[in-house]
1. Taking only pairs six or more apart or across chains, which ones have beta-carbon atoms under 7 Å, a first residue in segment 51-79 that is under 15 Å from residue 134 (Cβ atoms), and a second residue that is charged (D, E, K, R) and surrounded by 15 or more Cβ atoms within 10 Å (Cβ to Cβ)?
2. Identify the residue in segment 28-50 that is farther than 18 Å from residue 5 by Cβ and touching a residue at least 60 places away in the same chain (Cβ under 8 Å) and, among all such residues, is surrounded by the fewest Cβ atoms within 10 Å (Cβ to Cβ).
3. Show me the helices (runs of 4 or more DSSP H) found entirely inside segment 14-56 where at least 3 residues are modelled with pLDDT of 80 or more and either touching a Phe, Trp or Tyr at 6+ places or on another chain (Cβ under 9 Å) or not assigned by TED's automatic domain parsing to the domain that holds residue 69 (or both).
4. Going through segment 204-233 one residue at a time, which ones are crowded, with 19+ Cβ neighbours inside 10 Å, modelled with pLDDT under 85 and assigned to a loop (DSSP other than H, G, I, E, B)?
5. Hand me the list of strands (runs of 3 or more DSSP E) wholly inside segment 250-328 holding 2 or more residues that are at pLDDT 80 or above.
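The values are calculated or read from the model by the stated rules, or taken from the named source; none is laboratory data. From a predicted model like this one, the values you see are computed outputs, not experimental measurements. Reconstructed Cβ throughout: ideal geometry from the backbone, glycine too, with neighbour counts over all protein chains shown.
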Amino acid sequence: MTELVYSIASNVIDKIGTYAFQEICSAGGISEDMKKLELTMSTIQAVLLDAEEKQVKNRGLTVWLGQLKDVFHDATDVLDEFECEALRRQVVQTYGNTSNQVLDSISSSSFNPLGFSYKMSQKIKGIRESLEELAKKRALFNLEERSEDQNIVHREREMTHSFVPDSDVIGRVDDKQKIIDLLMHPGNNSNVSVIFIVGMGGLGKTTLAQWVYNDERIATNFDLRIWVCVSEDFSVLKLAKEILKSAGGGSSENMSMDLVQASLRSTLKEKRFFIVLDDVWNEDRNKWIGLKNLLIGGQGSKILVTTRSQKVASNMAPGPIHAYKVFQTRIVCPCS
């Protein structure tokens with residue numbers, strides 16, 4: 001349960017740091033409230049990984065984590081309201097107030113900006129007060145602060161693959177179709193588009209990506225399909241070698257970056273490819289740019305990324321993003 005709580009906290013903190021939330025908070029005069037909430041959540045998040053190991057022998061710790069989970073869910077709901085407001089403002093800016101049919105699907109026509117800001121301020125205050133009370137109790141459990149990097153040695157992650165039986169996919173037909181529609185779209189002038197599936201662990205992101213990967217329409221539309229399970233270190237050279245090998249270009253451990261780059265570009269040249277990068281944790285934008293610059297293919301090529309971190313999607317996306325709710329998972333498509 002703790003890993004799930006940690007993931008919820010990470011997602012909330014990442015969302016608070018996005019431009020959309022900062023813009024709305026600033027306009028509504030509640031930036032200070034949101035900063036305080038982020039600080040409180042970050043303080044608690046720092047000890048959650050340690051709590052994961054200790055809760056097995058401490059019933060009180062398990063109860064405490066359950067209480068945190070409930071409050072984090074409340075925080076997630078509040079941020080969802082912010083996202084709805086961001087979408088409302090975007091629609092108004094694009095279509096104007098006369099587009100009632102569009103506006104009615106996301107908000108009331110009698111929307112009051114001042115009322116929204118006040119309501120959100122009160123909700124944030126209530127959540128922060130609940131978290132501060134729970135934060136006081138952490139001293140009872142002698143928890144130590146630990147970063148996710150320090151916890152990597154304790155987590156053995158199973159490598160993923162591209163195959164999934166249809167019987168393993170339940171109730172995700174609409175989600176699958178949304179992703180396929182994005183993948184089949186010709187895109188813009190860029191020869192490679194990137195789509196993200198973002199959500200907490202255990203929600204079926206990999207299974208959904210596998211189902212899409214094996215769809216006959218995808219197999220027919222792309223010249224190459226490549227599946228790569230990404231490790232935490234996000235080594236550009238290692239990933240480039242794996243992609244090259246899967247694409248049939250051949251590679252060896254001793255190949256230099258220059259040779260891999262030349263071979264990869266030659267192999268992918270003018271081919272419409274579909275690459276899945278599964279379970280991406282790296283948030284270093286420079287590493288992502290380094291990898292993406294190697295992946296130059298034919299018009300309509302696509303990269304599908306699954307990740308637990310909203311920050312990964314924000315860092316990897318070149319500009320504004322469109323997001324679609326998929327249960328508690330988000331399908332995110334960057335657009336220029």
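1. The qualifying pairs are 61/54.
2. This residue is 29.
3. Numbers: elements: 19-28, 31-45, 48-54.
Of the helices (runs of 4 or more DSSP H) lying wholly inside segment 14-56, those with at least 3 residues that are modelled with pLDDT of 80 or more and either touching a Phe, Trp or Tyr at 6+ places or on another chain (Cβ under 9 Å) or not assigned by TED's automatic domain parsing to the domain that holds residue 69 (or both) span 31-45, 48-54.
4. Within segment 204-233, 204 is the sole residue that qualifies.
5. On the way: elements: 273-280, 301-307, 321-326.
Per the criteria, 273-280, 301-307.
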